[in-house]
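The values are calculated or read from the model by the stated rules, or taken from the named source; none is laboratory data. These numbers come from a predicted model, not from an experiment. Here the Cβ is made from the backbone with ideal geometry for all residues, glycine too, and neighbour counts use every protein chain on show. Surface areas here come from the heavy atoms of the whole protein model, side chains and all, with no ligands, DNA or RNA. Shrake-Rupley method; radii C 1.70, N 1.55, O 1.52, S 1.80 Å.
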Amino acid sequence: MTGRLVLAGTPIGDVSDASPRLGRVLGTADVVAAEDTRRLRRLTGDLGISLSGRVVSYFEGNERERTPELLEALVAGQTVVVVTDAGMPSVSDPGYRLVAAAIEAEIEVTAVPGPSAVLTALALSGLPVDRFTFEGFLPRKPGERLRRLTELADEPRTMVFFEAPHRLTQSLEAMAEAFGDDRRTAVCRELTKTYEEVKRGPVADLVAWSKDGVRGEITVVVSGADPNKVMTPEDLAREVAVDEEAGTPRKQAISDVAKRFNVPKRTVYDAVLAARDPGK
């Protein structure tokens, strides 16, 4: 008889958000695979839980090597619980590899739902929530980051990103360049914690605000593109410039922008020429 894999959501800030079921699952598991074993011990201490099973580390650096070991425990009939530092395992955290391996081995996979930074930020943002896309962390290199955001410039759904506090200003600046200064944005930090803060406004305003320094866990929510927006020649030229800065040759950038906004290539070409020589 095979075991069971449980993905257990943990509090994103306030420990009292932990469910009674989370405590029961952790206390009875044969193996608990934790992103940070010290944080797990702190959580179980706060909850008054005693772990009866084996605790192993399971983080980005050893996820690939440790997955086969955990799969062996599952095949042997043990219950393996995966927890990360906060939120749901496998969502920008370890877990996906083990889930895929367990499914392939026809092992039961279930979850203990818990708080989600993605959904909490989305709900607090004040932006449309009927359709959204989670984009995780943006690339660290400026060129790759801008290229990714340029690809999302016409995404009509609300977008949710994670970001490190020391890269927030650069990411917001890139969003302003790719999406336009007036794109509605919300920066959510320290959700459910003592110093929770949600800053809302045009992305350009949030760039200025962020330059004073922002600390804590950050989730950024950005409104989708307006499908009814009429592109001016200045808008088209700016889109081409963003694509070029991201590494796309000008001819290809003009063609891409024309397709993106459903306008003739000649219109985009003329807009680029006008931007280069406003006097003509």
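Remarks
- Complete set of residues in the stretch 98-108 that are open to solvent by less than 50 Å² (accessible area, probe 1.4 Å) and either at pLDDT below 95 or of a type outside the set (G, A, S) (or both): L98, V99, I107
- Conditions (1) of a type in the set (G, A, S); (2) surrounded by 18 or more Cβ atoms within 10 Å (Cβ to Cβ); (3) under 21 Å from A123 (Cα atoms); number of the one not met by G201: (2)
- Restricting attention to the stretch 113-154, the residues being of a type outside the set (A, V, I, L, M) and assigned to a loop (DSSP other than H, G, I, E, B) number 12.
- Per-region count, the stretch 183-198, residues over 18 Å from the mean Cα position of the chain (by Cα) and surrounded by 14 or more Cβ atoms within 10 Å (Cβ to Cβ): 3
- Out of A102, A111, sole residue that is over 23 Å from the mean Cα position of the chain (by Cα), over 24 Å from T169 (Cα atoms) and hydrophobic (A, V, I, L, M, F, W, C): A102
- Candidates P94, P68, filtered to the one that is modelled with pLDDT under 95 and in contact with a helix residue (DSSP H, G or I) (Cβ under 9 Å, 6 or more places away or on another chain): P94
- Looking only at the stretch 1-50, and only at residues there that are more than 24 Å from the chain's Cα centre (by Cα) and of a type in the set (D, E), the one that is nearest to E72 (Cα to Cα): D30
- Comparison of G87, G95, G53, G3 shows that the only residue that is open to solvent by less than 20 Å² (accessible area, probe 1.4 Å), in contact with a strand residue (DSSP E or B) (Cβ under 9 Å, 6 or more places away or on another chain), over 29 Å from E163 (Cα atoms) and of a type outside the set (A, V, I, L, M) is G3.
- Of all the residues in the stretch 232-260, those that are assigned to a loop (DSSP other than H, G, I, E, B) and buried (at least 18 other Cβ atoms within 10 Å of the Cβ) number 2.
- Qualifying residues in the stretch 169-182 (those that are surrounded by fewer than 21 Cβ atoms within 10 Å (Cβ to Cβ) and not acidic (D, E)) - the one farthest from D93 (Cα to Cα): G180
- Selection count where residues are among the small types (G, A, S), within 16 Å of the chain's Cα centre (by Cα) and surrounded by fewer than 19 Cβ atoms within 10 Å (Cβ to Cβ), scope the stretch 117-137: 2
- Among residues of the stretch 63-79 that are more than 19 Å from M1 (Cβ to Cβ) and polar (S, T, N, Q), those with a Cβ under 7 angstrom from a residue that is in a helix (DSSP H, G or I) and open to solvent by 70 Å² or more (accessible area, probe 1.4 Å), sequence gap 6+ or separate chain, pair up as T67/R97.
- Matching residues, the stretch 261-272, being part of a helix (DSSP H, G or I) and exposed (fewer than 13 other Cβ atoms within 10 Å of the Cβ): R266
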